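Working notes, structure below.
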Amino acid sequence: MVSYSVQASGGLPSVLRVAAGEDQFGERRGLGISTIAFKVCPQDGNGTFILENTFRGKGGPARHLHYDQDEWFYALEGEFVVEVGQERLRLRPGDSLLAPRRVPHVWTYVGDAPGRILIAFMPAGRMEAFFREVTKANAMPPQDPELWRAHGMELLGPPLSLE
């Protein structure tokens, strides 16, 4: 359920509430091993875009970088491994990490039970459009350099291998 509170002056929304497990637009988005719920979507690409990614299986996206976005991760449930530049870190519930723009990064869910992570993109840029596009196939984003570049990112390699 999504609800808005309206300010007395001007009639503009002042509060956005998105219930647990829900998407701001009431839509379902899949990435094969996980689902995504849009929690905060700015009206333009200048604000912060926040999504919740819920995993049923192990895995994650390909190695990439964002030209103009910092990417912030906050682990809610389960365990994640994240590489930012040359550093490899484990995120457990309550841990957060900031991957600065233009720094290569890759991450993966490594838990055995369901896992959840909040991800924020600052500024939003074309990230909402990217996730709307790639979730149409209900699979992890394809390793198509042009698709990533069209959304302000550079595809740099395959997903993280933990072997």
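The values are calculated or read from the model by the stated rules, or taken from the named source; none is laboratory data. None of these values were measured; they are calculated from a predicted model. Cβ sites come from the backbone with ideal geometry, for glycine too, and all protein chains shown count toward neighbours.
No other residue among Glu27, Glu52, Glu71, Glu79 is over 15 Å from the mean Cα position of the chain (by Cα) and under 27 Å from Pro100 (Cβ atoms) apart from Glu79. If only residues of segment 58-98 that are small (Gly, Ala, Ser) and under 16 Å from Pro141 (Cβ atoms) are counted, the one that is surrounded by the most Cβ atoms within 10 Å (Cβ to Cβ) is Gly60. Screening segment 133-161 for residues that are assigned to a strand (DSSP E or B) and among the hydrophobic types (A, V, I, L, M, F, W, C) and picking the one that is farthest from Glu83 (Cα to Cα) gives Met153. The residue that is farthest from Gly30 (Cα to Cα), counting only those in segment 91-148 that are more than 13 Å from the chain's Cα centre (by Cα) and among the β-branched types (Val, Ile, Thr), is Val103.
Residues that are in contact with a Ser or Thr (Cβ under 8 Å, 6 or more places away or on another chain), within 22 Å of Gly32 (Cβ to Cβ) and not aliphatic (A, V, I, L, M) do occur in segment 66-88, at least one of them.
Return yes when Arg63 is of a type in the set (D, E, K, R) and farther than 22 Å from Val134 by Cβ and no when it is not. In short, no.
For segment 130-163, the set of residues classified as in contact (Cβ under 8 Å) with a residue 40 or more places away in the chain, aliphatic (A, V, I, L, M) and surrounded by 14 or more Cβ atoms within 10 Å (Cβ to Cβ) consists of Val134, Met140, Met153, Leu155, Leu156, Leu160, listed by residue number. The set of residues in segment 99-129 that are out of contact with any Phe, Trp or Tyr (no Cβ under 8 Å at 6 or more places or on another chain), within 17 Å of Trp72 (Cβ to Cβ) and not in a loop (DSSP other than H, G, I, E, B) comprises His105, Val106. Of all residue pairs spaced 6 or more apart or on separate chains, those with beta-carbon atoms under 8 Å, a first member in segment 16-31 that is part of a loop (DSSP other than H, G, I, E, B) and a second member that is hydroxyl-bearing (Ser, Thr, Tyr) are Arg28/Thr35; Leu31/Thr135. Here segment 79-114 is the region considered, the condition is being of a type in the set (D, E, K, R) and touching a strand residue (DSSP E or B) at 6+ places or on another chain (Cβ under 9 Å), and the residue that is nearest to Gly57 (Cα to Cα) is Glu79. When Gly115, Gly111 are screened for being modelled with pLDDT under 95 and closer than 18 Å to Leu162 by Cβ, only Gly111 passes.
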